[in-house]
2 protein chains.
Amino acid sequence: MIGSLLKPELAELIRQRSFNQLREILCEFPAPDIAEIFTDLRPDDEAVLLRILPRNLAAEVFEHLSVEDQEQMLQALGSEQVAQILNDIAPDDRTALLEELPSAATQKLLNLLSPAERKIATDLLGYPKSSIGRRMTPEYVAIKQNWNAGEVLAQLRREPDKRNSMNQLYVVDDQGRLVDYVRLRNLVVADPQTPVTELLENQNLALRATDDQETAIAAFKKYDVTMLPVADSKAVLVGVITVDDVLDLAEKEATEDIQKLGGMEALDAPYLKIGLFSMIQKRAGWLAVLFVGEMFTATAMGYFEDEIAKAVVLALFVPLIISSGGNSGSQATSLIIRALAVRDISLGDWWRVMKRELVAGCALGCVLASIALMRILLWPHKEQVYGPHYGLVAVTVACSLVGVVLFGSVAGSMLPFILRRLGFDPAAASAPFVATLVDVTGLVIYFSIAYQILHGTLL
Amino acid sequence: MIGSLLKPELAELIRQRSFNQLREILCEFPAPDIAEIFTDLRPDDEAVLLRILPRNLAAEVFEHLSVEDQEQMLQALGSEQVAQILNDIAPDDRTALLEELPSAATQKLLNLLSPAERKIATDLLGYPKSSIGRRMTPEYVAIKQNWNAGEVLAQLRREPDKRNSMNQLYVVDDQGRLVDYVRLRNLVVADPQTPVTELLENQNLALRATDDQETAIAAFKKYDVTMLPVADSKAVLVGVITVDDVLDLAEKEATEDIQKLGGMEALDAPYLKIGLFSMIQKRAGWLAVLFVGEMFTATAMGYFEDEIAKAVVLALFVPLIISSGGNSGSQATSLIIRALAVRDISLGDWWRVMKRELVAGCALGCVLASIALMRILLWPHKEQVYGPHYGLVAVTVACSLVGVVLFGSVAGSMLPFILRRLGFDPAAASAPFVATLVDVTGLVIYFSIAYQILHGTLL
């Protein structure tokens, strides 16, 4: 918004190289707005602007750029500026950038860091991908239990660079193990003589650095806090994770799940930013797999070729029946994948889910069956369109619908459980994947029922 | 977790009516954990436990219950306790509860509030549904520009009930209009004589109370803050919204989008909590609509009945072709709906999207077409299975695949834009909805191409 309004004016100033005026204009905006302005500019112009910003603001603006823009920017900047930016930005934002780069590039950038920052960066990169350790920052304030409020405040004044994570102050013992925490707001209103022990929250909530990032999302949702401490396997405090990162994570995980549910690999980049070829690649893989699976429908139909030749009317209902199974499967699988992701249900609930889906599948199947019965039996020229045995055809279609919708609901709901049990991502049970499974099975159900009901009349 | 571990022990203590011991055990846990313990108990037991908790803790535990549990709890508690709880809980949590109740019940509960709290509650309920006003709390700290740090701290000590939203302190003018803000952490480390003007952030970011809640999610993602001020149309500060509410909102919106994408109404409750009948209702509606739409496939197939009778081999590929169109449509629509929801793209980008999907659709169609060509032409008994004209059949299938996948990609990507343009929720363009659209069109594409290619030979 702001970006597009200012764009022509800024472009003009850049062309005129009026750097002082540019600096003045930009400094009036918060860093996230400047970052938004930057994304609309050419990388070279971005680099020019970043260079003229005050050092702290430059780092903050850089933190707010997307990883793709950060990569471009690093290439446009001189190595001295790259070193400065990388040393200045927050350790968690740095990890997010470094983990996306090829390892040779990461190594080169790590060498630009000061020894202290390099130690922090390599420590954080040492945690497994998608673990909480990869998103935490070691910039927390640790305090001792035997201090008083005044002493804590004095400590805060000594650590100005930790201001981003000062809302909670962590009490650690002599081995660095997390004991409890104090909220800044309680400390502020307390008398300076108040001992820390009187301000404790009596809570020792800590995330584990090696745990999956989904655990962090669940914990923030449950405890309504703005930051949580992260401990290692020996309960030693190693960092904190802040809610802004968790909000981004939650959005990213939901995006990935939606894309997987749509039947493709997660794009890992905004739609308009990802290269057209990469996007086609990420879609072609699953589309081809589904296509090969769907080929079994041709095989199944081939098996019933004689029946179709005898009663072409059966072929008319094939798309209707298999798509109804696919749709009910898509509903069930979307419900269960999301419920598993937000932890409304866990692996152990599979039997309760199965029971619900058996009932729901039957009920939904009956709803569709009655619509189909009405459609066929109340159709004006039914004998012409569906032949003399239209009644039997109607019963065949209705029974098949109940069977197919029931199968779709059960298969769609159980597949995510099975995938998770086998250690895969449940979201791989995409709606198209379930639909393909149900299409093949649905054809077998339909033609088997048709054979039973129409044997001796049409078949 | 904690809930299930403690459950037998607590149930035993409730049976023995050992309230002192119960209170002691419960008070050791943070409120969110107690709330988790509660959800596993019977409503009567929950009410008993809530009654024995200290007043502040009881309110906090109540805030952490789901709205469904809160409703049950209100029925199990006496009206005096209901009044106490409702007066004590945070205004934003209260709005979330009251807006879900039937209006008669809401009115009854409003009458239990103190005049001051009732004014707050009715003001908040006066904002439109899904607006930011419905999720804000008026419990913020307002300060004056001509104060110094010491005066602000004195003010904070006078407002202990506003501690939940003290991380940012809002500077307002004499008309109550928002001017700027100060971060608590900067105030704390400053000398008490420091004037507020020296601590200002020089930022006036405010959300509008009547704006949609999605705006709040986007703003929190952009600015990485823990709270944002909310102003009315005259820029007067009326409340604040905190990041914990926004995290919940973001998760809820993603869940709704996933469920709609799966082809159903959003459930509005966790899978295992919603009544089986309500769930079936929310699924049956869309399933029936899709079914009626899918009936046109039977009509379309009926139109080509003679062709099928002449060349049954054509029927074999019907499921394969229409499902490929549905799958590519499902990919495109999932991508676009999510990109619109997280604001990666806006309505104005439709032409850029269209161009990308035209290329992607062609490419993906060609991939599937080549797999199909290989499958038919390299099949060992191709003449027996596909007849003497298997080559022409293969060409027909391949051309249809390109057409259908291209149509699926374009229709799936454009439908969300069209729906949003018409004022509907783009997520209503569910994967099954697109698949149904593509199924009917796909049949027409397939049989038209077949007629052109096979006319004079098979047809």
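May I ask you to derive the relative contact order of segment B:14-115, considering only C-alpha pairs under 8 Å and at least 6 residues apart, and to give it as an integer percent? Each step should come with its number before you reach the end.
Working: 69 pairs, mean separation 25.1, N = 102.
Dividing the mean separation by the residue count of segment B:14-115 yields 25 percent.
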Worksheet item: Near A:ASP211, within a Cβ-to-Cβ distance under 12 Å, what is the net charge of the other residues, with Lys and Arg +1 and Asp and Glu -1?
Response: 0
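Give the peptides B:346-354, A:176-184 in descending order of average Cβ contacts within 10 Å, highest first. Please report the intermediate quantities before stating the final value.
Working: B:346-354: 13.6, A:176-184: 19.1.
Descending mean neighbour count gives A:176-184, B:346-354.
Percent antiparallel among DSSP beta bridges with both residues in the protein assembly as shown, to the nearest 5? Write out the running numbers ahead of the final one.
Details: 28 of 36 bridges.
Of all bridge pairs located within the protein assembly as shown, approximately 80 percent are antiparallel.
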Worksheet entry | Electrostatic dipole magnitude of chain A [Cβ: Lys, Arg +1; Asp, Glu -1; Cα centre; debye, to 20] | 1060
Item to complete: Take the alpha carbon atoms of segment B:57-103, find their center, do the same for segment A:67-105, and report the distance between the two centers in whole angstrom.
Response: 48
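Explain nothing, just the number: relative contact order of chain B, from Cα pairs under 8 Å at least 6 residues apart, as a whole percent.
Working: 625 pairs, mean separation 50.3, N = 459.
RCO, chain B: 11 percent.
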Worksheet item: Under 24 Å Cα-Cα from B:LYS310, which lysines qualify once same-chain neighbours fewer than 8 residues away are excluded?
Response: A:LYS310, A:LYS382, B:LYS382
Worksheet item: What are the extents of the Cα atoms of chain B along their three principal axes, listed from largest to smallest and rounded to whole Å?
Response: 93, 61, 39
Fill in: Teacher prompt: B:GLN21 distances to equivalent labels in other copies, 7 Å Cα→Cβ, nm
8.0
Worksheet entry | Mean separation of Cα contacts under 8 Å, 6 or more apart, over the residue count of segment A:393-459: relative contact order % | 44
Fill in: Mean-position separation - Cα centroids, segment B:359-399 and segment A:208-276, in angstrom
44
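What average count of beta carbons from other chains do you get within 10 Å of the Cβ of residues in A:338-351? Don't skip to the answer; put the middle values down first.
Numbers: counts 12, 7, 1, 4, 7, 1, 7, 3, 0, 0, 0, 2, 0, 0.
Taking all residues of A:338-351 together, the mean is 3.
How large is the direction-averaged shadow of the alpha-carbon convex hull of segment A:276-454, in nm²? It would help to have the intermediate numbers written out before the result.
Numbers: hull surface 49.1 nm².
Averaged projected area of segment A:276-454's Cα convex hull equals 12.3 nm².
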Practice prompt. Find the percent of Cα-Cα distances in the protein assembly as shown that exceed 45 Å, and round it to a whole number.
Written response: 37
Fill in: Cα point-scatterer Debye curve for segment A:376-459, base-10 log of I(q)/I(0) at q = 0.15, 0.21, 0.25 Å⁻¹
-0.65, -0.92, -1.11
Worksheet item: Roughly how crowded by other chains is peptide B:196-202, in terms of the mean Cβ count from those chains within 10 Å of each of its Cβ atoms?
Response: 1
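Residue by residue through B:152-159, how many Cβ atoms from other chains fall within 10 Å of the Cβ on average? Let's see the in-between values first.
Numbers: counts 1, 2, 1, 1, 3, 4, 1, 1.
Mean partner-chain Cβ count within 10 Å for B:152-159: 2.
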Worksheet entry | Ascending count of other beta-carbon atoms within 10 Å, so fewest first, for A:LYS129, A:LYS260, B:LYS7 | A:LYS129, B:LYS7, A:LYS260
Discussion item. I'd like the Kirkwood hydrodynamic radius of segment B:1-70, using the inverse of the mean 1/r over distinct C-alpha pairs, in Å.
Written reply: 11.8
Worksheet, complete the sentence: Output row for A:PRO102: copy-to-copy label distances, label 7 Å along Cα→C-beta, ascending, in nanometres, one decimal, is 6.7
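In this model, which of A:LYS252/B:LYS252; A:LYS221/B:LYS162; B:LYS144/B:LYS222; B:LYS119/B:LYS144 are farther than 23 Å apart at the alpha-carbon?
Details: A:LYS252/B:LYS252 14 Å; A:LYS221/B:LYS162 21 Å; B:LYS144/B:LYS222 27 Å; B:LYS119/B:LYS144 25 Å.
Violating the 23 Å limit, Cα to Cα: B:LYS144/B:LYS222; B:LYS119/B:LYS144.
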Worksheet entry | Globularity index of segment B:291-362, i.e. its alpha-carbon radius of gyration over 2.2 N^0.38 Å | 1.54
Worksheet item: Can you give the charge dipole size of segment A:142-242 about its Cα centre, rounded to the nearest 20 debye, using +1 on the beta carbon of Lys and Arg and -1 on the beta carbon of Asp and Glu?
Response: 200
Item to complete: Round to the nearest 10 and give me the degree value, 0 to 90, for the angle of helix A:2-16's Cα axis relative to the longest principal axis of chain A.
Response: 50
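Quick one: if the Förster radius is 56 Å, what FRET efficiency do B:THR457 and B:GLN281 give, using the C-beta to C-beta distance and rounding to 0.05? Walk me through the numbers before you get to the answer.
Values: r = 51 Å, r/R0 = 0.91.
Calculated transfer efficiency: 0.65.
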Worksheet, complete the sentence: Binned at 5 Å starting from 0, the alpha-carbon pair-distance distribution of segment B:2-126 in whole percents comes out as 2, 11, 23, 23, 18, 10, 8, 4, 1, 0
Fill in: Virtual spin-label span in nm between A:ILE25 and B:THR299, 7 Å along Cα→Cβ
5.8
Item to complete: Output, in nm with one decimal and in ascending order, the distances from the B:GLN203 label point to the matching label points of the other copies (7 Å from Cα along Cα-to-Cβ).
Response: 2.5
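Here, each number is a calculation from the coordinates, and none is a lab measurement. Computed from a prediction, not measured in an experiment: that's the story for all the values here. Counting neighbours? That spans all protein chains shown, and the Cβs are built from the backbone with ideal geometry, glycine included.
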